[in-house]
Amino acid sequence: MNREFLKEQGLNDGQVEAVMREYGKSINDYKERADKVDGLEAQIEDYKKQIAERDEQLEVLSEQAKGNEDLTAQIEELKQQNEQTAKEYQEKLEKQAFEHRLHNTLKDEGVRNVKAVKALLDVESIKLDGDKLLGLDDQLKSLKETDGYLFQTEEKDEGPTIVNPGNPKGKGTGSNDNNPFQRILNKYK
């Protein structure tokens with residue numbers, strides 16, 4: 001989005017500035033998230049390398065320890081611990097992916113306060129299937145009906161409503177005694 005495009009759409013300089021300011025806020029938020037994701041991806045790769053190195057070291061040790069039952073038992077224990085660590089790490093990654101996807105989906109749905117809406121959701125019944133969150137749509141629909149104030153609505157700004165003083169339809173009171181101009185006109189009828 002650029003300023004020239006907005007000006008071509010008929011916006012004045014003040015409106016263009018307001019739109020660019022809001023656009024900048026949302027872009028900065030996405031840039032921060034992207035930086036975090038990049039950092040997490042680097043950590044993931046580092047952890048994967050560490051696990052692969054441990055597995056390799058354990059294989060070398062198991063070859064060297066053949067015939068030594070104590071060392072073999074210790075190596076088996078280390079292998080089990082390594083498998084458990086890998087399993088916990090994978091669960092942590094899946095949970096992190098789920099939380100990230102849920103946060104982004106709620107933002108895209110126009111949620112005003114993600115933390116508040118998350119507290120109202122039954123997160124246990126929501127499952128991440130690829131890029132889709134199964135079970136979320138029904139819950140969001142229900143929340144929109146019961147707690148619509150949690151969601152942003154698209155309101156069209158039609159400008160201020162200007163109302164003339166007095167009775168705008170000129171009917172209904174039956175008497176204009178309080179209007180000094182009407183009293184003067186009534187005298188000359």
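Every number in this text was worked out from the coordinates using simple rules, so none of it is lab data. All values derive from a computational prediction rather than experimental measurement.
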(Q) Counting only helical runs of four or more DSSP H residues, what would the 222 nm mean residue ellipticity of the chain come to if each run contributes -39,500 (n - 2.57) and the total is spread over all its residues? (A) -22500 deg cm²/dmol
Q) Taking the convex hull of the alpha carbon atoms in the chain, what volume per residue do you get, in Å³? A) 220 Å³
Q) When each pair of different Cα atoms in region 7-111 is counted once in the 1/r mean, what is the Kirkwood radius in angstroms, to one decimal? A) 18.3 Å
Q: Work out from phi, with θ = phi - 60° and the Karplus expression 6.51 cos²θ - 1.76 cosθ + 1.60, the ³J(HN,Hα) of each residue of region 73-82, listed in order in whole Hz, and give x for Gly and Pro.
A: 5, 5, 5, 4, 4, 5, 5, 5, 4, 5
